[in-house]
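A quick write-up on the structure given underneath.
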Amino acid sequence: MNRFIQRCFTLFFFFSLLAFSTCNESKVNGQSNSSFNKSINNQVSTKLLSEEIKEEKKQKPFIGVVNLEQKLKKEDLNVEDRLTTKKLLRWNDVCNLDTDKYFVNENKASMNFHILGKKEYLIEVMCQGGASKIGYLFYYYNEKKLPPTASLLKFERYATFAESKNIEKIISYNLVGAATFLSKTKKLKFYDGSESIFSFKNGKSTLVELSVKIDSESDRWKKQNLKKLKRSVTKTKIVNAFD
């Protein structure tokens, strides 16, 4: 009888230990699976974020100096020349004129090379078409040394607000309005409600003149004091191309 009780106690202890071990293993596996699933989710989220960043970069032009493998074609330009230049300068997908049916059918490059100096050029790229306003990118192109280099130009502009004394300084990598290159002075005149004149030196643009209309009904303009304007800036905004 004592042996029977002892055997029963042994079997009870064995099955109790087995159940405890199985329970612990299940708990550990559950934690392991949870950690594994969390790791997979983090990897997926990181990959999606990386793809979003890549797509965003793809839609914006490259900002920086581009070393070119070849000299750019500057005259008698057509759509094919434009697409070749786009690939080399890497302005990516910001210009809807790259695929505009009218310009493609008419074989229009919508791109000009303006001479700034000996082997120095301002590249004017029409990006977005409109009735009175056109979106532009401008590049400084230098053939003085090999390999040739090109860089997207940024422009300094100022916005004033009639209802307040706030003056906003805007640094932008594109211009939207009407642009005219002044070949005699090698400067760019740009109109977007106000009239700005930019000069170019050492691969950079400089705002040298800004005029605003005295009132909307007249054709009288007032030249702004740039030094005073710069001292009065209350906010600075940096705008990427066509943000």
Going by the conditions given, is Leu152 surrounded by 17 or more Cβ atoms within 10 Å (Cβ to Cβ), under 20 Å from Asn240 (Cβ atoms) and modelled with pLDDT under 90?
-> no
What about Leu188, is it in contact with a Phe, Trp or Tyr (Cβ under 6 Å, 6 or more places away or on another chain) and either within 22 Å of Leu137 (Cα to Cα) or modelled with pLDDT of 90 or more (or both)?
-> yes
Working carefully through the options Ser172, Ser205, Ser199, find the one that is within 23 Å of the chain's Cα centre (by Cα), among the hydroxyl-bearing types (Ser, Thr, Tyr), within 30 Å of Ser232 (Cβ to Cβ) and modelled with pLDDT of 95 or more.
-> Ser205
Taking the condition more than 29 Å from Lys144 (Cα to Cα) and assigned to a strand (DSSP E or B), does Ser211 pass?
-> yes
Quick check: anything in the stretch 147-163 farther than 24 Å from Leu210 by Cα and part of a loop (DSSP other than H, G, I, E, B)?
-> yes
If the Cβ limit is 9 Å and pairs must be 6+ apart or interchain, which residue in the stretch 94-108 that is farther than 17 Å from Asp76 by Cβ pairs with which residue that is among the charged types (D, E, K, R) and in a loop (DSSP other than H, G, I, E, B)?
-> Val94/Lys60; Leu97/Lys108; Asp100/Lys108; Tyr102/Lys108
Here is a list of conditions, (1) part of a loop (DSSP other than H, G, I, E, B); (2) under 19 Å from Thr180 (Cβ atoms); (3) of a type in the set (Asp, Glu), and Asp93 meets all of them except one; can you say which number that is?
-> (2)
Picking from Ser199, Ser205, which residue would you name as being free of Cβ contacts under 8 Å to residues at least 24 places away in the same chain and not acidic (Asp, Glu)?
-> Ser199
Can you spot a residue in the stretch 166-178 that is without any contact (Cβ under 8 Å) to a residue 12 or more places away in the chain and more than 15 Å from Tyr140 (Cβ to Cβ)?
-> no
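The values are calculated or read from the model by the stated rules, or taken from the named source; none is laboratory data. Please read all numbers here as calculations on a predicted model, not as lab measurements. Note: ideal-geometry Cβ built from the backbone for every residue, glycine included; neighbour counts use all protein chains shown.
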